[in-house]
Amino acid sequence: MPSTTTLPSAPAATLRTQDSPAIADTQYDCLVFIGRFQPMHHGHVAVMEEALRLARQVIVLVGSAWQARSLRNPFTFSERTRMIRSCFDDADNTRLEIVPLLDALYNDDVWVRDVQRKVRDIARPQANRMPRIALIGANRRDSNSQSSYYLSLFPQWESVAVPLREGMEASRIREVIFTERARAEDWLDNEGLELLPPPVAQHLHGFLDETAWQGLVEERRLLEQYRAAWSDAPYPPLFITVNAVVVQSGHVLLTTRRAAPGKGLYALPGGFVQPQERLLDACLRELKERVRLKVPEPVLRGSLRGQRLFDAPHRSWRGRTLAEAFYFALRPEQQLPKLRSGGGENEEQARWVALADLEPDTLFEDHFYIIQNFLGLHAGQSGF
């Protein structure tokens, strides 16, 4: 485990107007701050201010970059970058390196390697010696928290803990922003300023005029309806689904979602398991019903090359949902198997997509990472 330094309580986070401290007095060459910043809030600013005080250079790794917009990931990397930089003056911004970080769900080694490479390529050696690097973040006082878990993945670096500012939760901000417009505007002008730096609040005001905000509000309504349907259940519901990863000749079989959530995004064929079905049978049924894949069932069964459970807690918009995915590797042929159109609303939306054309922000939920897990696509693909 890395050594941890706990700092005294930081002052309330405000825009930095004072001159930066003398660079020669810094304790570290480089501090690394990893977060999603969905959106940027005062707690994030407090950590970055402390990092700028302690280090010559601060690397901000913005997670969930290239994710499709969703209620959990509503803002793009470029939007979050603008929010972050708006909270600091020009002098501080010259010392901030803001870098996108692709998630690598279900493969910690890929994610750790990506972080290591980005830090290695950015950290500047000082006086012909290796830079002194540390991770910085809020001290959540919970050894089982996700932040504490990430720290354990980098034992070669020190860690610096900034006292947690109570109530600074991005999920709370998102809950309010994607509701009725009047409520969101009033909150941004009043209570929201306790959590958000003024430039970020201004950015969110502008976001309320965008089509993307309207789509996320629609998703919020659907989610509330979904939760209401299960509100009388004695325990939180647990859903079981199946997905098919069908690959042939460098192409993967995908469908296009025609309604929210994720309208317009690619998705793996799949659906819910019926009460009397085995998992593989459910997957084959979904391939037949949703995409009408013109491949005999015995051939599909003979092409099965893998089966895995995908269980990231936040992988699905509907709540705790486990997905059992099946990997079918069809023999290369001159022609990709036909997808027969039928009367169902989703059938004509199925298509073969070249693996080289896959981008994380074009796929629904964690479906890119499911494909990545089976096929070994790495975080450096497509220039990430």
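Of everything in the range 172-193, what is in contact (Cβ under 8 Å) with a residue 24 or more places away in the chain and either within 20 Å of the chain's Cα centre (by Cα) or under 16 Å from Met40 (Cα atoms) (or both)? Give them in sequence order.
Correct list: Ile173, Arg174, Ile177, Phe178.
Residues of the range 307-324 being surrounded by 13 or more Cβ atoms within 10 Å (Cβ to Cβ) and outside any loop (DSSP other than H, G, I, E, B), which ones?
Listed by number, the residues that qualify are Gln307, Arg308, Phe310, Thr321, Leu322, Ala323, Glu324.
Take Leu193 and decide whether it is open to solvent by 70 Å² or more (accessible area, probe 1.4 Å), farther than 30 Å from Ala354 by Cα and in contact with a strand residue (DSSP E or B) (Cβ under 8 Å, 6 or more places away or on another chain). Don't jump to the end; show me each part of the working.
Details: open to solvent by 70 Å² or more (accessible area, probe 1.4 Å): yes; farther than 30 Å from Ala354 by Cα: yes; in contact with a strand residue (DSSP E or B) (Cβ under 8 Å, 6 or more places away or on another chain): no.
When the stated conditions are applied, Leu193 does not pass them.
Scanning for something modelled with pLDDT under 95, touching a helix residue (DSSP H, G or I) at 6+ places or on another chain (Cβ under 6 Å) and under 18 Å from Trp352 (Cα atoms), does the range 281-296 turn up at least one residue?
yes
Of the residues Ala123, Ala104, which is of a type outside the set (Lys, Arg) and within 14 Å of Ala51 (Cβ to Cβ)? Outline the logic, then answer.
Working: Ala104 fails: within 14 Å of Ala51 (Cβ to Cβ).
Step by step, each of Ala123, Ala104 is checked, and only Ala123 is of a type outside the set (Lys, Arg) and within 14 Å of Ala51 (Cβ to Cβ).
Just give me the residues in the range 52-97 being assigned to a loop (DSSP other than H, G, I, E, B), touching a residue at least 12 places away in the same chain (Cβ under 8 Å) and farther than 30 Å from Val217 by Cβ, in sequence order.
Within the range 52-97, Phe88, Asp89, Arg95 meet the criteria.
Limited to the range 205-229, what total is found for residues that are over 21 Å from the mean Cα position of the chain (by Cα) and in contact (Cβ under 8 Å) with a residue 24 or more places away in the chain?
3
Does Gln307 satisfy being touching a helix residue (DSSP H, G or I) at 6+ places or on another chain (Cβ under 9 Å), of a type outside the set (Gly, Ala, Ser) and over 23 Å from Lys338 (Cα atoms)?
Details: touching a helix residue (DSSP H, G or I) at 6+ places or on another chain (Cβ under 9 Å): yes; of a type outside the set (Gly, Ala, Ser): yes; over 23 Å from Lys338 (Cα atoms): yes.
Judged against the criteria, Gln307 is a match.
Here is a list of conditions, (1) within 11 Å of the chain's Cα centre (by Cα); (2) at pLDDT 95 or above; (3) within 23 Å of Gly167 (Cβ to Cβ), and Thr76 meets all of them except one; can you say which number that is?
Just one mismatch for Thr76, condition (3).
Please give the number of the condition Asp103 fails out of (1) in contact with a helix residue (DSSP H, G or I) (Cβ under 9 Å, 6 or more places away or on another chain); (2) modelled with pLDDT of 95 or more; (3) acidic (Asp, Glu).
Going through the list (1) in contact with a helix residue (DSSP H, G or I) (Cβ under 9 Å, 6 or more places away or on another chain); (2) modelled with pLDDT of 95 or more; (3) acidic (Asp, Glu), Asp103 breaks only (2).
Limited to the range 1-43, what total is found for residues that are modelled with pLDDT of 50 or more, of a type outside the set (D, E, K, R) and open to solvent by less than 30 Å² (accessible area, probe 1.4 Å)? Working first, answer last.
Within the range 1-43, the first condition is being modelled with pLDDT of 50 or more, and the residues that meet it are 22-43.
From what's left, of a type outside the set (D, E, K, R): 22-24, 26-28, 30-35, 37-43.
Applying the additional criterion that residues be open to solvent by less than 30 Å² (accessible area, probe 1.4 Å) yields 26, 28, 30-33, 35, 37-43.
Going through the range 1-43 one residue at a time, the tally reaches 14.
Yes or no: Glu348 open to solvent by 40 Å² or more (accessible area, probe 1.4 Å), at pLDDT below 95 and within 30 Å of Leu71 (Cβ to Cβ)?
Details: open to solvent by 40 Å² or more (accessible area, probe 1.4 Å): yes; at pLDDT below 95: yes; within 30 Å of Leu71 (Cβ to Cβ): yes.
Against the criterion (open to solvent by 40 Å² or more (accessible area, probe 1.4 Å), at pLDDT below 95 and within 30 Å of Leu71 (Cβ to Cβ)), Glu348 qualifies.
Residues checked against (1) of a type in the set (A, V, I, L, M, F, W, C); (2) more than 29 Å from Gly137 (Cβ to Cβ); (3) surrounded by 12 or more Cβ atoms within 10 Å (Cβ to Cβ):
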{"site": "Gly167", "(1), (2), (3)": "no, no, no"}
{"site": "Ala182", "(1), (2), (3)": "yes, yes, no"}
{"site": "Pro198", "(1), (2), (3)": "no, no, yes"}
{"site": "Leu208", "(1), (2), (3)": "yes, yes, yes"}
{"site": "Gln214", "(1), (2), (3)": "no, yes, yes"}
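Pairs only if they're at least six apart or on different chains, beta carbon under 9 angstrom, first in the range 144-170 and farther than 19 Å from Phe37 by Cβ, second modelled with pLDDT of 90 or more and in a loop (DSSP other than H, G, I, E, B); list them, first residue then second.
Glu158/Arg132
Kindly indicate whether Glu49 is open to solvent by 10 Å² or more (accessible area, probe 1.4 Å), part of a helix (DSSP H, G or I) and modelled with pLDDT of 95 or more. Break it down stepwise before answering.
Values: open to solvent by 10 Å² or more (accessible area, probe 1.4 Å): yes; part of a helix (DSSP H, G or I): yes; modelled with pLDDT of 95 or more: yes.
In short, yes.
The values are calculated or read from the model by the stated rules, or taken from the named source; none is laboratory data. All figures in this text were calculated on a predicted structure; none of them were measured in a lab. Cβ sites come from the backbone with ideal geometry, for glycine too, and all protein chains shown count toward neighbours. All accessible areas refer to the heavy atoms of the entire protein, side chains included, with ligands and DNA or RNA removed. Shrake-Rupley method; radii C 1.70, N 1.55, O 1.52, S 1.80 Å.
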